[in-house]
Each structure stands twice: as C-alpha cells, then as structure tokens.
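Since the structure comes first, as structure tokens, the remarks are kept for the end.
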Amino acid sequence: MKNILSAFAIAFGLASVSASAQYPTKPVKLIVPFPAGGSPDIAGRVLAQKLSEGLGQQMVVENRPGAGGTLGAAAAAKSLPDGYTLLLGSTGSLASSPSLYPNAGYDSRTSFTPVSLVGIASFVIVVNASVPAASLREFIQLARSKPGQINYGSPGNGLPPHIICEAFKTATGLDLVHIPYKALQAEIIGLVTGDVQITIEQFAPMQSQIRAGKIKPLAVASARRAPQLPDVPTTAEAGLPDFEWSAWTGLLAPRGTPAEMVARLNAETVKALETKEVRDILANQGVEPAGDTPEQFAAFIDVEIAKWSRAVKASGATID
C-alpha cells in the first residue's frame, strides 16, 4: 500500500508539473470587482488584452462589483488554484474593506498568491470652484473659521475617499460634515453644484471637471507631483506633511496556485506594463504602471493593510 501511495504521489506531482509547463491550455478568467467603465476596469481590460497576447489564450474579464470590492475578491478566493481564475485586487478589496467587512469570506494575506502590482494612482484634494481658497493652507484656514459648516463628499460609507477624508480631518483638526453618495458620479455632481465643498478622489474621474474649471485641485496626496497636474503641489509642499494616499491595483491568484504558473503570469504582467500602449492608457487614467515581483507585492500588501486598518479604526467608519 505504501508503495502504491508513493507511486500515486509521484504520478500526481508529475501531472502537476506537466500542467504547469503547458499552462495555459484554455481561457483564463480575470475577476474585476468594480463596475464596467471605471478606471480600475479600464486598467484590468487593457492588462487582460496584453496577457491574452502573451499567454496565447483568451483572458476573459468578469465584473463582480459590490461591497467595497469584497464580493469579487471572495469569489476569486474560493476558486480552484489552477491558474484559470485571477483577481484584479485593489486598495479597497485588499487593504481597507477587510477592516469594514469582517465576514468578507477571505483573508487578504492568506487567501491569495500575489502575482504583481499593476498600477498606482494618487488621490487629489479638490474643492468646488466657488470656494474662496486658492491653496490648501487657505482652505484649512477657511474651514477652521467655519466649524461644522463645510461638507465633504464620498461615493459611499467605508470607501477609500471616505477613510482618507476622515484622515484629513484628523491631520488638520477640521470639523467637516460627511455627505455620502450612492456612486462616484453622484459625488462629483455634488461637488460641482456645491452641495459639498471638498473631497479627496483620484484624478481620472474628475479630470474633465478640473479642466473645465468647475472644481479646483489644491494638492496631490503623494510624494511627488502628478504628471497630469504639474502645477499642483504635493500635500507636503502645501503644508501637510506625511499625508500620502494612493489607490492601487494588482494581480493575484488563489492561494495554492502552482509557483510555475505564478512566475509565468508575473513575467507576462511585467512585460505588458512595459509596453507603450498599456502605459499610455494607464497614464490617461492617472495611473502609474508598477510591475514588481510576487514577493515585493506581498510586502506592499502587508504595509497597506496596516496603514488602512489604522485609518479605518481612527475614522470610526462603519458600513450601513
């Protein structure tokens, strides 16, 4: 019996090695836990297109939005670790939402095998065009003179912009009122019409309103200025040091996916992110390509989980 089991184990191992060597032999599904048409979805689709070319098999994008990205992430975590279901993880699904959805059905650290970071986008502090402040310092002075009279918007309770705005309140000591909307576009409309006076969002969904002069960017919450907003200072330059926040996406596989498959996916992802086509599309979304190794991405996720969990706890944010 022992010899039979040993022979079976060897045969199974050889079969696994063979499957990894031939991978992929059929279409690969990429779960994108965001609505179609948004910046993360665009990044996921352009990456999927390039991965299809590199892998020699179709990459099928499946949008599964909801619950701060946790629905799609949970579906990916429960999939077979055979290399044929992948996840486009994000700040929300992997770093902030786990602190808000304790029963999400997965663990950001142990349910996945990181493949590569895909892109990073900075958050921008923006105000309604009629707000009488030409700089972040001026806005802070204005808000201090009107405690409880200035509203900030977010696309929903517990989403990254809500958490970051609460961190902004803590960092500045301001008394701002949160107005949560049901969707990102509703939040932007609220900012343009003046229902809310300030928010902290990614550049891409606001770029047309910024260019039209309907909203004003005061600072970029990053270590260096954004190429799309070269005249807008960083938060450190604007007088608010150590206030850096980014939105990011990355490719992951279910935990237990064979290392050979992960290595192949990593190599093709990094190669895709180096192409001009992908870099141009991401740049138009305000995203900086950021391919790295699985080990580097795993360490990055650990740091982000710690940072966002502290921010969620400090904010007191809860899900309705």
**OP:** Indicate the gyration tensor shape class of the range 188-254 (rounded, prolate or oblate), computed on the Cα atoms with a ≥ b ≥ c the square roots of the eigenvalues: a/c under 1.5 is rounded; otherwise a/b larger than b/c is prolate and the rest oblate.
**Re:** oblate
**OP:** Would you pull out the residues with amide H under 5 Å of Gly119's amide H, same chain only if 5 or more places away, H placed 1.01 Å from N?
**Re:** Thr249, Ala290
Original post:
Using unit Cβ charges (K, R positive; D, E negative) and no other charged atoms, how large, in debye to the nearest 20, is the dipole of the chain about its Cα centre?
Top reply: 240 debye
Original post:
Calculated from the structure, P(r) over Cα pairs in 20 Å bins from 0, in percent equals which of (1) 26, 53, 21, 0; (2) 32, 52, 13, 2, 0; (3) 34, 60, 6?
Top reply: (2)
Original post:
For Thr234, which sequence-distant residues (separation of 5 or more, or a different chain) have an amide H within less than 5 Å of its own amide H, given hydrogens modelled in the peptide plane?
Top reply: Val220
**OP:** Measure nothing fancy, just the Cα-based angle from helix 184-193's long axis to the longest principal axis of the chain, in degrees from 0 to 90, nearest 10.
**Re:** 10 degrees
**OP:** State, to one decimal in nm, how far the label point of Lys146 lies from the label point of Glu244, with both points 7 Å from Cα in the Cβ direction.
**Re:** 3.2 nm
Original post:
Taking the chain as a Gaussian network, Cα atoms linked when under 10 Å apart, which of Leu30, Leu229, Leu94 shows the biggest mean-square fluctuation?
Top reply: Leu229
Subject >> 0 to 90° range, to nearest 10: angle between helix 259-273 axis and the chain longest Cα axis >> reply: 40 degrees
Subject >> the range 174-240, relative contact order in percent, only Cα pairs under 8 angstrom and at least six apart counted >> reply: 18 percent
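If neighbour count is taken as other Cβ atoms inside 10 Å, put Val192, Val46, Val115 in order from fewest to most. Let's see the in-between values first.
Working: Val192 16, Val46 21, Val115 30.
Taking fewest neighbouring Cβ atoms as first place, the list is Val192, Val46, Val115.
Taking only C-alpha pairs under 8 Å that are 6+ residues apart, what is the relative contact order of the chain in percent? It would help to have the intermediate numbers written out before the result.
On the way: 603 pairs, mean separation 84.0, N = 320.
Reported relative contact order: 26 percent.
How much FRET efficiency would the formula 1/(1 + (r/R0)^6) give for Lys276 and Leu80, where r is the Cβ-Cβ distance and R0 is 35 Å, rounded to 0.05? Display every interim value, and only then the final one.
Values: r = 35 Å, r/R0 = 1.00.
Once the sixth-power term is evaluated, E becomes 0.50.
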Original post:
Using modelled backbone amide H atoms (1.01 Å from N, in-plane), which distant-in-sequence or interchain residues come within less than 5 Å of Ser154's amide H?
Top reply: Ile179, Tyr181
Original post:
Taking neighbour counts of Cβ atoms within 10 Å as a proxy for exposure, in what order, fewest first, do Ile215, Ile42 appear?
Top reply: Ile42, Ile215
Subject >> Between helix 2-22 and the chain: long-axis angle, C-alpha atoms, 0 to 90°, nearest 10 >> reply: 50 degrees
**OP:** Could you check which residue among Ile200, Ile150, Ile120 shows the biggest mean-square fluctuation in a GNM of the chain with a 10 Å Cα cutoff?
**Re:** Ile150
**OP:** Would you work out the charge dipole size for the range 122-220 about its Cα centre, treating the Cβ of every Lys and Arg as +1 and the Cβ of every Asp and Glu as -1, and quote it to the nearest 20 debye?
**Re:** 180 debye
**OP:** Output the relative contact order of the range 29-70, whole-number percent, from Cα pairs under 8 angstrom with separation of 6+ residues.
**Re:** 56 percent
Subject >> Estimated inter-spin distance, Ser135 and Lys182, nm [label 7 Å along Cα→Cβ] >> reply: 4.1 nm
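Between Thr170 and Val303, what is the FRET efficiency for a Förster distance of 22 Å, r being their Cβ-Cβ separation, to the nearest 0.05?
On the way: r = 20 Å, r/R0 = 0.90.
That pair, Thr170 with Val303, gives E of 0.65.
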**OP:** Kindly write out, for the range 208-215 in residue order, the coupling ³J(HN,Hα) from the Karplus curve 6.51 cos²θ - 1.76 cosθ + 1.60 (θ = phi - 60°), rounded to whole Hz, with x marking Gly and Pro.
**Re:** 5, 6, 5, 5, 7, x, 8, 9
**OP:** With springs connecting C-alpha atoms under 10 Å apart, model the chain as a Gaussian network and identify which of Gln285, Gln149, Gln209 has the largest mean-square fluctuation.
**Re:** Gln149
Original post:
What is the sum of charges around Ala74, taking Lys and Arg as +1, Asp and Glu as -1, for the other residues whose C-beta is under 12 Å from the C-beta of Ala74?
Top reply: +1
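Beyond 18 Å between alpha-carbons counts as too far, so tell me which of Lys29/Lys50; Lys169/Lys214; Lys146/Lys169; Lys50/Lys276; Lys169/Lys313 fall in that bin.
Pairs exceeding 18 Å: Lys169/Lys214.
Taken together, the values in this text are just the output of simple stated rules run on the coordinates, not laboratory data. Here the structure is a predicted model, which is why all the values come from computation and not from measurement. Cβ atoms come from the backbone with ideal geometry, glycine included; neighbour counts cover every protein chain shown.
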